[in-house]
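The values are calculated or read from the model by the stated rules, or taken from the named source; none is laboratory data. Keep in mind the model is a prediction, meaning the values are calculated, not measured. Here the Cβ positions follow ideal geometry from the backbone for every residue, glycine too, while neighbour counts run over all protein chains shown. Surface areas here come from the heavy atoms of the whole protein model, side chains and all, with no ligands, DNA or RNA. Shrake-Rupley method; radii C 1.70, N 1.55, O 1.52, S 1.80 Å.
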Amino acid sequence: MKELLIVDDDDIFRARLAKAFKNRGIEVFEACDYASALGVVESYSPGCALLDLRMPGPSGLELLKAILARNPDTKVVMLTGYGSIATAVEAIQLGAYNYLAKPVEADAILASFTNASESVDVEASHAPSLARTEWEHINRVLNDCGGNISEAARRLKIHRRSLQRKLQKYPPGD
């Protein structure tokens, strides 16, 4: 890996990762959102990209589609603090090379660009808890509704405010 685009709306996290990769001799481009990331892709066309799933504006999945439409050879790894099986599957289906859950070290990220089959472990081989399964189902339905909370609440047969409260929580552990 010679060039890496890091896209994350958390300035501190992005700067820490950028420094770690620069120390490893990798040229790093940074972006905080969809628009600035596309600007970097148009100008420099880096061979690898590390994308945050949740950002203001269009999501990392939308950015993944846009990057691969411009350069299908780019290796893209999705990075998220809200890991779920549904988003991992969607990212891989859209062309992501790998999918990692935060927190993650720079060495693990580097390994994920070379070992796609080894790193996709959003859930290990054990069964998830009931709370985790519920959280994943809610996010899958919300994704199917294009992010429309009212429609997702109707499909889930719960009140819209209850759904909003559930979505503000962090994903439960197993």
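Going by what's in this entry, would GLY57 be described as surrounded by fewer than 19 Cβ atoms within 10 Å (Cβ to Cβ) and out of contact with any Phe, Trp or Tyr (no Cβ under 6 Å at 6 or more places or on another chain)? When the stated conditions are applied, GLY57 does not pass them.
Taken together, the criteria place ALA152 among residues that are of a type in the set (Gly, Ala, Ser) and surrounded by 14 or more Cβ atoms within 10 Å (Cβ to Cβ).
Restricting attention to the stretch 45-54 and to residues that are within 20 Å of LEU167 (Cα to Cα) and assigned to a loop (DSSP other than H, G, I, E, B), the residue that is least open to solvent (accessible area, probe 1.4 Å) turns out to be LEU53. So which residues in the stretch 103-134 are open to solvent by less than 30 Å² (accessible area, probe 1.4 Å) and at pLDDT 80 or above, if there are any at all? VAL104, ALA106, ILE109, SER112, PHE113, listed by residue number.
So which residues in the stretch 5-33 are open to solvent by 10 Å² or more (accessible area, probe 1.4 Å), of a type in the set (Phe, Trp, Tyr) and in contact with a strand residue (DSSP E or B) (Cβ under 7 Å, 6 or more places away or on another chain), if there are any at all? Within the stretch 5-33, PHE29 is the sole residue that qualifies. If you take the residues in the stretch 1-44 that are more than 18 Å from the chain's Cα centre (by Cα) and in a loop (DSSP other than H, G, I, E, B), which one is farthest from LYS75 (Cα to Cα)? Looking at the filtered set, the residue picked out is ASN23. Taking the criterion of being within 20 Å of GLY146 (Cβ to Cβ), open to solvent by 50 Å² or more (accessible area, probe 1.4 Å) and part of a helix (DSSP H, G or I), the residues of the stretch 62-91 that qualify are GLU62, LYS65, ALA69, ILE85, VAL89. Does TYR97 qualify as being within 23 Å of LEU167 (Cβ to Cβ), buried (at least 16 other Cβ atoms within 10 Å of the Cβ) and either out of contact with any Phe, Trp or Tyr (no Cβ under 7 Å at 6 or more places or on another chain) or touching a residue at least 12 places away in the same chain (Cβ under 8 Å) (or both)? So TYR97 does not fit the description; no.
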